[in-house]
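Written out below as structure tokens is the structure these notes cover.
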Amino acid sequence: MADSTLRYLANEIGLRPAWRCLLDYRFLLALIAGILVVWLGQRWLPSFASPRSFDWLLLLSLVLWQPLFEEILFRGVIQGQLIKRDWGRKSWLQISTANVLTSVLFVGLHLFMNPPLAALLVVIPSLIYGYFRDHCDSVVPSIVLHCAYNAFVIFGLVVAGNVAWSRAS
């Protein structure tokens, strides 16, 4: 009984394999776009110093745990429930209403943790994560992209010298 309940919950939030989607050219383009955006951002945006010092534990949190939990909550639970509604499935340029509403909530969460401009900048990645959630019927591509995008940003910040790397941990 517990096993079937776990399977049901995993399926309900979209935790199902998505190999075909992960190998799709659109997914690969989204990965490459993340690298390009970080590279261009480092070149065009003004440099800033962060008081935060990165260590392995913070890196693991930002690149693995936070994206995993955020994607399960936002793309898995919230978008997964909204897309079941007729109005949630309506789309424009292949972006569903469920995706847009989920992205608004996602940006709202980031407003609590980041300056307003930084929070608003997550709207495009959020719509991309939601696009793959809708089109792959799985949250796995969203999790992979979110982890990768966070890793690209942190790598860009470290390389640009905007954050320090702590060797203490």
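The values are calculated or read from the model by the stated rules, or taken from the named source; none is laboratory data. This structure is a prediction, so every number in the text was calculated from the model and none was measured. Don't worry about glycine lacking a Cβ; one is built from the backbone with ideal geometry, like all the others, and counts go over all protein chains shown. For accessibility, only protein heavy atoms count, side chains too; no ligands or nucleic acids. Shrake-Rupley method; radii C 1.70, N 1.55, O 1.52, S 1.80 Å.
What order do PHE106, PHE112 take when sorted by accessible area (1.4 Å probe), most exposed first?
Details: PHE106 5, PHE112 180 Å².
Largest to smallest exposure gives the sequence PHE112, PHE106.
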Subject >> Solvent exposure ordering (accessible area, 1.4 Å, most first) of LEU23, LEU111, LEU127 >> reply: LEU23, LEU111, LEU127
Subject >> Distant-in-sequence amide H partners of ARG16 (H built 1.01 Å from N, under 5 Å) >> reply: VAL139, VAL140
Original post:
What length, rounded to one decimal in nm, is gained on full extension from TRP56 through to ARG89, with 0.36 nm per residue of separation minus their alpha-carbon distance?
Top reply: 7.9 nm
Subject >> Distance between modelled label sites at TRP39 and ARG26, nm, 7 Å Cα→Cβ extension >> reply: 2.4 nm
Subject >> Solvent-accessible heavy-atom area per residue, rounded to whole Å², over the chain at 1.4 Å >> reply: 63 Å²
Original post:
How much solvent-accessible surface does PHE27 expose, in Å² to the nearest 10, with a 1.4 Å probe and all protein chains in place?
Top reply: 10 Å²
**OP:** Over the chain, calculate the relative contact order: mean separation of alpha carbon pairs under 8 Å at least 6 apart, over the residue count, as a percent.
**Re:** 38 percent
Original post:
Which residue, LEU101, LEU57, LEU157, tops the fluctuation ranking in a GNM of the chain built on C-alpha contacts under 10 Å?
Top reply: LEU57
Original post:
Comparing PRO17, PRO67, PRO116, which has the greatest mean-square fluctuation in the GNM of the chain with Cα pairs linked when under 10 Å apart?
Top reply: PRO116
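Report, to the nearest whole %, how much of the accessible area of the chain belongs to carbon and sulfur atoms, 1.4 Å probe, protein only.
C and S atoms contribute 72 percent here.
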**OP:** Using Cα centres only, tell me the gap between the stretch 55-73 and the stretch 1-39 in whole Å.
**Re:** 16 Å
Original post:
Within the chain, which DSSP H helices have Cα atoms that stretch 20 Å or more along the helix axis and a mean Kyte-Doolittle hydropathy of at least 0.0?
Top reply: 25-44, 97-113, 140-160
Subject >> For Rg and Dmax of the Cα atoms in Å, calculated from these coordinates, the label among (i) 15.7, 49; (ii) 16.9, 56; (iii) 20.3, 72 >> reply: (ii)
